[in-house]
Each structure stands twice: as C-alpha cells, then as structure tokens.
Amino acid sequence: MSLKAFLKTRYGNGLRSRAAIENHHQRAFVRFRSNVMPRSPFYADYANTALSALPRMNKQKLMDHFSAINTCGIDREKAFDIAIQAEQSRDFSPMIGDVSVGLSTGTSGQRGLFLATPRERRLWAAILAGRFWPNLAKPQRVAFFMRADNALYRTLGNPLLRFEFFDLLDPLEKHLSRLQDLSPTVLIAPASILKILADAQNVGQIAVSPRRIISVAETLSPEDRNIAKQAFGRQIDEVYQATEGVLAFTCPAGNLHLNEAWMRIERDIIDPQSGAFCPIIHDFTRQSLLLLNYRLNDVLIPDPSPCPCGSACTRIARIEGREDDALWWHGPTGRKMVSADAIRTTIACLPSPITDYRVIEKNNQLTVWLDGAAPTSETELHHAFSSLAARLDVTVPPLTIRHGLPHETDFKRRRIRIETSP
Ligand SMILES: [Zn+2]
C-alpha cells in the first residue's frame, strides 16, 4: 500500500474548502501534464491543452483508441485476449508485465478493458483501507463478492487481512456456508447481493456480523440500503466505483462525496431543477489508461448542503443510475426524463404498501410488477402515476399491471429500467 495515501485518507484533514480543492487540482495537473501525458501517444500533443478542450471521451472512444491512450504500450487485442482467458479459466491474475488487466462488461453490453499499474493498485488499496479498515490493531477477514477477481483487489491482502473472494458466477447458495465459516469483519458486495445476503440473514440461513459493510459496483437503492441496514444492524457504506475508478465513497458521517482528491469532476447538467448531472472526469492519479474529459452516463444528484464531516468535496445525495435507464415519458414539449427516484418515491408512498416491484418500460409501454399487492393497489398505482405525470407535465405511457415478479436471472437487474427489443 501507499503509506502516505493511507495515512492521509485515515487521519488527514482532507480538502476542507473549494479553494483547497482547486489548488490541489492545479498542482496535480501541472505534474500530470509534464510527467504522464507525454508518455501517452494519444495525449502527447495535448500536454498544453485545456482539459475541457481535450477530445470528449466515453467508453466506446476509450476502447477505440485504447492502444494509443495507454502509457504502457499495451495493444488492445492482446489485452482483450488476456482478460478473456482469465475470465474463462476463472484464474484471475491477468498481467502484462506488472500491469494488471481487467474486463468489464457493464449493463450497456459494451466490453471495456481496464489497466492498473502497481502504483495505481497501491493507491487504491491505501485509500480504501484508510477509509474503511475497522481496526488497525486487529486482523480482519474480508468477504468480497465480485463478478471477477482481479490483481487490483488482491493488493489488499496482507498478514493482517484475510481476503476471500466469492465469485458471482457460482450459485449463491454455495457461498452462504462459506460466508458463515469466514464470519467476515468486512463485507464487500454489489448492492443486489447485499440485498440477497440480508434476506438470508433475516430468515436465519446465515448469522454474520461484519463491522463494515460496503456496497460497491452498482447503485444502492434506498430500499436495499434499509433492508441491509436492518438485517445487519450496521450503516451501509458505499463505494461508487466503475471501470473508470472510484468516483465517490461515503464519509464517516455516512454521506457520499465525490472523490475530488483523485480527479477533477465537472458536471454535464441534465436536469436544472434537481441539478442532476452526468460527471465528466479528469483523473490525475491514473497513469496507465488515462481518463481525461471522460463522460460517464451515470446520473448523480448533488446535495449542496455542507457535510458534518468537514470535507468540501461535492456531496452526492444519491446516484440515480444510468442516464439510459431513466424513464422517458412524452409531454407537450417532447420527451421528458422521469427519474428512477421519482418512480421509487411514488411507489413507496402508495397507501397500501407492497413487498417489492419492477417498473419496466419497453417500446414506450409500461409494465409494473407488484409483489404482495393489496386489492386496491392497482387503482392506487394508476392514481399515483397520473399525479406524477401531471406534476411533470407528461403523460403516463400505456400501463399494464402484473402481480408477482418477473423471472430474472441477472443479478444486476434493477427495479426500474428500460428494456430494448432484441
Ligand atoms: Zn461528509
């Protein structure tokens, strides 16, 4: 681990004013422009270009120019081969030299590659351990549920840290007894898995009491947060982490802050009223696969109020999910985004509570699945959606209500989503 980064994250005062953040970014980019950008064939000529004037990137463009963007001279096809081999053999130590290679599939179906140098792996480990390691004096047992293991995560292992990987491609039942035996002090899992583990804990299939519970890799909905919080009797911490890096994590006060210590994050505002925005990131800690002027399609809702923890890094009220997963309803002025949060709140406020639900928009038709519905639920839902639509000046699409839940095999499936026709 990087000791400096670890100590700074654990005990440092952090960035306590906007001016301090600006100053930090300014200095970081001076170094980055002279030390890192010249090593990337793609960015070498841009070392003096303003960040906002750099080519606008996204996942697709990053993959298109992968071979020229990375500073390690790694060819894209070779990296894909190595990453895919590792996926197939489930032997996760894919490395090219000392650079680890990972594969991300994402929900958009695009395959992405990521790279991490030893320095980047140490930094990642230092920050996460600095923030989340419960007690430095005691050995910790970490259960980590991930779709794929990667040398990145192995970095955390050391004599004080027993680190066990639970492969999400294995059936979950197989994991429960192993989890019970491990009796983890730290539990790290994607939000949907936390929900399943919370259910297992509630029915007595497992009885574990981790001191830290960290939701990673996908959006943690307020419903799932509460279920997990109650089942384990602990605050649920969140690391909002994509292939693109750690974008935000919860502070000791339990609020999400953007990771402005590592990257400069600008806003592409998509809803002026709530301030909802898609982040555009410039990462100055990443020295292998450079991420500059890179737009993510996750929608974040900012929270302008100051945080009791004292950090001036932008507070995030919540991560709304992917821009392409918000619902879009028609109105007199065209299509308007109906945020997942608006739908969630509407359903949570139905007079007769339900157990669970799915809202699926497909070909401009809406299907709502209600689990544990009361006889009056259908009428209530029609009413609630109509008033939501009236408030947003749009019309509810043709609506079918079904009972129970659809058959779903993919853990990543969200409660509210758009499906496209095959
Ligand atoms: Zn805070």
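General observations
- Single residue of segment 246-264 satisfying the filter (free of Cβ contacts under 8 Å to residues at least 60 places away in the same chain and either surrounded by fewer than 20 Cβ atoms within 10 Å (Cβ to Cβ) or of a type in the set (A, V, I, L, M) (or both)) that is nearest to the ligand (Cβ to nearest atom): A253
This table checks each residue for (1) modelled with pLDDT under 85; (2) surrounded by 13 or more Cβ atoms within 10 Å (Cβ to Cβ); (3) in the same structural domain as S192 (by TED's automatic domain parsing).
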{"position": "K78", "(1), (2), (3)": "no, no, no"}
{"position": "S93", "(1), (2), (3)": "yes, no, no"}
{"position": "I96", "(1), (2), (3)": "no, yes, no"}
{"position": "V101", "(1), (2), (3)": "no, yes, no"}
{"position": "S104", "(1), (2), (3)": "yes, yes, no"}
{"position": "T107", "(1), (2), (3)": "yes, yes, no"}
{"position": "R111", "(1), (2), (3)": "yes, yes, no"}
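- Matching residues, segment 36-46, being surrounded by 13 or more Cβ atoms within 10 Å (Cβ to Cβ) and more than 16 Å from R264 (Cβ to Cβ): P38, R39, S40, P41, F42
- Number of the condition not met by I269 [criteria: (1) among the aliphatic types (A, V, I, L, M); (2) closer than 21 Å to F385 by Cα; (3) free of Cβ contacts under 8 Å to residues at least 12 places away in the same chain]: (2)
- V208 vs. criteria more than 18 Å from T355 (Cα to Cα) and surrounded by fewer than 22 Cβ atoms within 10 Å (Cβ to Cβ): yes
- Residue in segment 151-163 that is open to solvent by less than 50 Å² (accessible area, probe 1.4 Å), over 25 Å from R119 (Cα atoms) and either β-branched (V, I, T) or modelled with pLDDT under 80 (or both) present: no
- Check on H407, open to solvent by 70 Å² or more (accessible area, probe 1.4 Å), at pLDDT 95 or above and on the phi < 0 side of the Ramachandran plot: no
- Within segment 298-357, the set of residues being crowded, with 16+ Cβ neighbours inside 10 Å, hydroxyl-bearing (S, T, Y) and more than 16 Å from the ligand (Cβ to nearest atom) comprises S339, T346, Y357.
The values are calculated or read from the model by the stated rules, or taken from the named source; none is laboratory data. Since the model is a prediction, treat every value here as computed from it, not as a measurement. FYI the Cβ positions are ideal-geometry reconstructions off the backbone, even for glycines, and counts take in every protein chain you see. These accessible areas exclude ligands, DNA and RNA; they are computed on the full protein's heavy atoms, side chains included. Shrake-Rupley method; radii C 1.70, N 1.55, O 1.52, S 1.80 Å.
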